[in-house]
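All remarks here apply to the structure that follows.
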Amino acid sequence: MEKLHDLQEIFQARIDADEKIEPKDWMPDAYRKTLIRQIAQHAHSEIVGMLPEGNWISRAPSLRRKVALLAKVQDEAGHGLYLYSAAETLGVDRETLIDELHTGKAKYSSIFNYPTLSWADIGAIGWLVDGAAIMNQVMLTRTSYGPYARAMVRICKEESFHQRQGYEILLTLCRGSEAQKAMAQDALNRWWWPSLMMFGPSDKDSQHTEQSMRWRIKRKTNDEIRQQFVDATVPQAEFLGITIPDPDLQWNESRGHYDFGPINWDEFWQVVNGNGPCNRERIRARVKAHEEGAWVREAALAYAEKRKARNAAATKVA
Ligand code: BYC
């Protein structure tokens, strides 16, 4: 018992000294569990996040837009793969993680349960959703677990390209016809509040924040990053010339931040618990893709087995 206590003290001292924890280092079970939960949720978000945008690849308004959107969606697949690999370093296997997504046991970001109804939504996702993701992920480049922090560095570089491609789509629409500007406004109206929900419940209702801050898995609280996002995004909306759908939004001189209106937490929990507009559709699409990809996994494994057998035979001969 004493020994476990010592290990925990040494572990916390390493965290407090800002050392990175690596896969083979001792770590408390709860730290490992929290990381698997968060990294898996993050990986699933990237993979499910491909669906709302994938919906528009065949309908992009020009070849240039199509190429950029294709590249973005492919990047998201890559982010999912880095993150599943980072989770695997903690001793969980990928099949288990994927099964948990498909059976509804594991969560993924609430934002991807909303539909993409117009081309302007692709702009809004890049600007707001990737913008929100970056705010969170820049903090995570300094997270205490080494493989997660390193995955985040590369992911953040790609996310900033995603954010700019989204903003540029909206800028083009806002400098276009009245109808195009109205499309941009409609997209902002529908994506603003769900984007603020991406940062998770408010600090007073967040189950994990306090412990995750102590372990430096999180470096900022949900409310802190949400505020940072609002402060950065309001001037960008002003530049576009569209209006954030919040009558309570106003600069607060004494706080040095924007005040904003109340978030509909009932809607958030409905969506998180599987009852959002597209939850069932998203999981159905993932399960279908997984089933249809079974032959690829089988072929890849059969090839790996064959190579292993060939290498073993060659070693014997040598
Ligand atoms: N959606 O105690 P809390 C992207 C859950 S998208 C669903 O505050 P924590 C992309 C939470 O899991 C971004 N569930 O938790 C962009 C917990 O439930 P469990 C993906 C949510 O972990 C464009 C419960 O609510 N980014 O990259 O301390 C295209 C209580 O919450 C949400 C990440 O995932 C939500 N919005 O803080 C494609 C970043 N919020 O697990 C892709 C990594 C909370 O106890 N994750 N919950 O059953 C994080 O930073 C943290 O996990 C969160 C939540 C800030 C999200």
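At a glance:
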| quantity | calculated |
| --- | --- |
| Signed unit charges on C-beta, dipole axis of segment 24-142, positive-most listed residue ALA124, ALA30, MET139 | ALA124 |
| Within the chain: Cβ-based charge dipole about Cα centre, in debye rounded to nearest 20 (Lys, Arg +1; Asp, Glu -1) | 1380 debye |
| About the Cα centre, charge dipole magnitude for segment 84-167 (Lys/Arg +1, Asp/Glu -1 at Cβ), debye | 320 debye |
| Proximal aspartates and glutamates to LYS306, defined as alpha-carbon separation beneath 15 angstrom and excluding residues fewer than eight positions away on the same chain | GLU298 |
| Between segment 172-222 and segment 238-260, the Cα center-to-center distance that results, in Å | 14 Å |
| Heavy-atom accessible surface of segment 192-261: percent carbon and sulfur, 1.4 Å | 49 percent |
| Potential extension, THR89-ASP205 segment - 0.36 nm per residue separation minus Cα distance | 38.7 nm |
| Low-density loop positions, trypsin sites (Lys or Arg not before Pro), segment 13-80 - DSSP coil, at most 13 other Cβ in 10 Å | LYS24 |
| Most mobile listed residue (GLY256, GLY126, GLY241) in the chain, GNM with C-alpha springs under 10 Å | GLY256 |
| Structure-based [θ]222 nm, the chain - -39500 (n - 2.57) summed over DSSP H runs of at least 4, per residue, nearest 500 | -21500 deg cm²/dmol |
| Net lengthening on full extension, GLN8/ALA302 (0.36 nm per residue, minus Cα-Cα) | 101.5 nm |
| Longest segment of the chain lacking GluC sites (Glu not before Pro) that sit in a DSSP loop with at most 16 other Cβ atoms within 10 Å | 20-252 |
| Helical segments meeting 18 Å axial Cα length and Kyte-Doolittle -1.0 threshold in the chain (DSSP H) | 2-16, 29-48, 63-88, 146-174, 178-197, 222-240, 294-317 |
| Net lengthening on full extension, SER177/LEU81 (0.36 nm per residue, minus Cα-Cα) | 30.5 nm |
| Dipole in debye (nearest 20) - segment 206-318, about Cα centre, beta carbon charges: Lys, Arg +1; Asp, Glu -1 | 1460 debye |
| Mean accessible surface per residue for the chain, computed with a 1.4 Å probe while every protein chain stays in place, in Å² | 52 Å² |
| Whole-number percent relative contact order across segment 125-233, with pairs defined as alpha carbons under 8 Å at least 6 apart | 35 percent |
| Listed residue pairs exceeding 27 Å between alpha carbons, taken from LYS33/LYS204; LYS24/LYS316; LYS105/LYS288; LYS105/LYS308 | LYS24/LYS316; LYS105/LYS308 |
| Anchor LYS3: aspartates and glutamates whose Cα lies under 19 Å away (excluding residues fewer than 8 positions away in-chain) | ASP25, ASP29 |
| Alpha carbon centroid spacing (whole Å) that separates segment 267-318 from segment 1-37 | 31 Å |
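The values are calculated or read from the model by the stated rules, or taken from the named source; none is laboratory data. What you are looking at is a predicted structure, and each value in this text was computed from that prediction instead of being measured. With ideal geometry, Cβ positions are generated from the backbone for all residues, glycine too; neighbour counts draw on all protein chains shown. All accessible areas refer to the heavy atoms of the entire protein, side chains included, with ligands and DNA or RNA removed. Shrake-Rupley method; radii C 1.70, N 1.55, O 1.52, S 1.80 Å.
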